[in-house]
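Below: the structure, in structure tokens.
The values are calculated or read from the model by the stated rules, or taken from the named source; none is laboratory data. Predicted model only: the values in this text are computed from it and were never measured. Here the Cβ positions follow ideal geometry from the backbone for every residue, glycine too, while neighbour counts run over all protein chains shown. For the accessible areas, the whole protein counts, side chains as well, though only heavy atoms, and no ligand, DNA or RNA atoms are used. Shrake-Rupley method; radii C 1.70, N 1.55, O 1.52, S 1.80 Å.
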Amino acid sequence: MPTNLITIARSGAASARAAIEISAQNIANAGTPDYVRRTLANSELVGSGNIDFDAQSAFSGVRIGGVQRADVDVLQRVVRDGISDLAAAQAEIAGLRVGEIALEETRVFETLVDFESALLLLESDPSDPALRTGTVEAARLLTQTFQFAEGSLEDARDLTASEVSAGIDVVNGAAGELAQINVALVNAREGSGGRAALLDARDAALKELAGEVGIETTFDLRGIAEVRMAGTPSLLLVSGNMASRFDAGFAASGSAQFEVNGTPLTLENGAMAGRARALDRLIALSGELDAIAANVITRVNNAQAAGAALDGSPGQPLFSGTGAADIALAFDQGALLALAQSGSLPGSRDTTNLGNLIASIGAETGPVAELDRLLLSHASRIAGSEATRDGLAIIAASNQAQLLRQTGVDLDNEAASLIRLQQAFEANSRVIQVASEMFDTILSLN
């Protein structure tokens, strides 16, 4: 009997000690990202299968089981989906913001309005050399601003494209790491602390992947992950110890094109999808800015062709080029501005042609209104995307909070567990002491 007590108490003390170590591990990692709380699985240790006929051998203590990790794969998937959606919205907004800054900081709209104002001022005294020179300088500044705005948009596209390239490395790195974790999980002992750590690393790698590209994940009984891209089509990225090569290229237009092992796909979620959408919008912005610059060139040059310069000669084109990138000033003499109607005498103060130009520039289909609509449309797009992002951020935060409730470390609970386990360890130690004293007493009877 005393020996049975010692065996039982020793197993209880060992179990309490192991549980204390796990609680200490939980407390130490309370602030570690992606750490999932561990518990110790115990079961009754039965010394004989014939409990009904051999009762004394049935009481054999406790068997220490494996390290248990909270099973929250479904919730982890919900969190990853939220991360993908939010990352896509944030990346798209970041790219759109860069485009907005490129247009606003260059002050292209203000410069176009200044050119229109210079024309309006010139209408008051069309023969004034200072006003003519000022109008030409306003035109020169407009060409420089269009070129600067187009250059800024090109820089914005290059920046977004470089982020796409950087994201490729992140995805391939996380996919390679996940393949290595899959290999390690094959050899990891069930219920070991090492296996729990591998599962933490697996979930962290999956979150990193989800932040860059939307993913669809399945697990086998050993926890090995198979990952597919959440795109069209759904392509295999990680399977066992094999990781496919994810890559991106850029079309002649500058838009991003993705592929897995050479097979093209269209991404739906993740930061990479958001960057691709932002890049497409920046390309469209450049095209719209080009069209507005071409509109300016066409309207002003058509007005020049329909009028007469200060010396009565036919008007010459004021602008050269075809768009925002190459618009330039064709002459720099104010006297060459064709403000009067064609055929007017030298020195004419007629402003009919100038009035037509002012009306053309300020028309509903004119460049001023077009540029205003462009800026307003882009700002509205950003505002709508930000509203979507804010909603997704709330959902993602809620999902993460729910995951933390299931997997996070509660220091109060762990402290209470430590006290309880310490008492259990001391109680088992006391049982060993009592059993030892009983054994000594029995021996002394002989």
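Quick notes
- Selection status of residue 328, surrounded by fewer than 15 Cβ atoms within 10 Å (Cβ to Cβ), more than 17 Å from residue 156 (Cβ to Cβ) and modelled with pLDDT of 95 or more: yes
- Looking at 161, 179, 210, 205, just one residue is open to solvent by less than 60 Å² (accessible area, probe 1.4 Å), touching a Ser or Thr at 6+ places or on another chain (Cβ under 7 Å) and within 23 Å of residue 265 (Cβ to Cβ), and that residue is 210.
- Among the conditions (1) part of a helix (DSSP H, G or I); (2) open to solvent by less than 70 Å² (accessible area, probe 1.4 Å); (3) within 30 Å of residue 113 (Cβ to Cβ), residue 373 misses just one, which is (2).
- Filter result (open to solvent by less than 50 Å² (accessible area, probe 1.4 Å) and small (Gly, Ala, Ser)) within the range 95-128: 95, 99, 102, 118, 127
- Note on the range 135-158: among residues that are farther than 30 Å from residue 95 by Cβ and in contact (Cβ under 8 Å) with a residue 40 or more places away in the chain, the one that is most open to solvent (accessible area, probe 1.4 Å) is 140.
- For residue 202: the one exception among (1) within 18 Å of residue 240 (Cα to Cα); (2) in contact (Cβ under 8 Å) with a residue 40 or more places away in the chain: (2)
- Contacts under 8 angstrom Cβ, first residue in the range 312-323 being part of a strand (DSSP E or B), partner open to solvent by 50 Å² or more (accessible area, probe 1.4 Å), 6 or more apart: 314/305; 314/342; 319/330; 320/326; 320/330
- Single condition residue 269 does not satisfy, out of (1) farther than 30 Å from residue 87 by Cα; (2) surrounded by 15 or more Cβ atoms within 10 Å (Cβ to Cβ); (3) of a type outside the set (Lys, Arg): (1)
- Residue among 80, 63, 37 that alone is at pLDDT 80 or above, open to solvent by 40 Å² or more (accessible area, probe 1.4 Å) and among the charged types (D, E, K, R): 37
- Among the residues making up the range 274-285, those that are open to solvent by less than 10 Å² (accessible area, probe 1.4 Å) and either polar (S, T, N, Q) or in contact with an Asp or Glu (Cβ under 8 Å, 6 or more places away or on another chain) (or both) are 274, 278.
- Scoring residue 349 on the criteria (1) in a helix (DSSP H, G or I); (2) exposed (fewer than 15 other Cβ atoms within 10 Å of the Cβ); (3) touching a residue at least 40 places away in the same chain (Cβ under 8 Å) leaves a single failure, condition (1).
- Selection of the range 182-198 for residues being in a helix (DSSP H, G or I), open to solvent by 20 Å² or more (accessible area, probe 1.4 Å) and in contact with a Leu (Cβ under 9 Å, 6 or more places away or on another chain) yields 184, 195, 198.
- Counting the residues of the range 213-261 that are polar (S, T, N, Q) and open to solvent by 60 Å² or more (accessible area, probe 1.4 Å) gives 6.
- Only a single criterion out of (1) free of Cβ contacts under 8 Å to residues at least 12 places away in the same chain; (2) touching a Gly at 6+ places or on another chain (Cβ under 7 Å) is not satisfied by residue 252, namely (2).
- Scanning the range 400-412 for residues that are touching a helix residue (DSSP H, G or I) at 6+ places or on another chain (Cβ under 9 Å) and in a helix (DSSP H, G or I) turns up 400, 402, 403, 406, 407, 411.
- Taking the numbered list (1) part of a helix (DSSP H, G or I); (2) at pLDDT 85 or above; (3) surrounded by 13 or more Cβ atoms within 10 Å (Cβ to Cβ) in turn, residue 394 passes all entries but (3).
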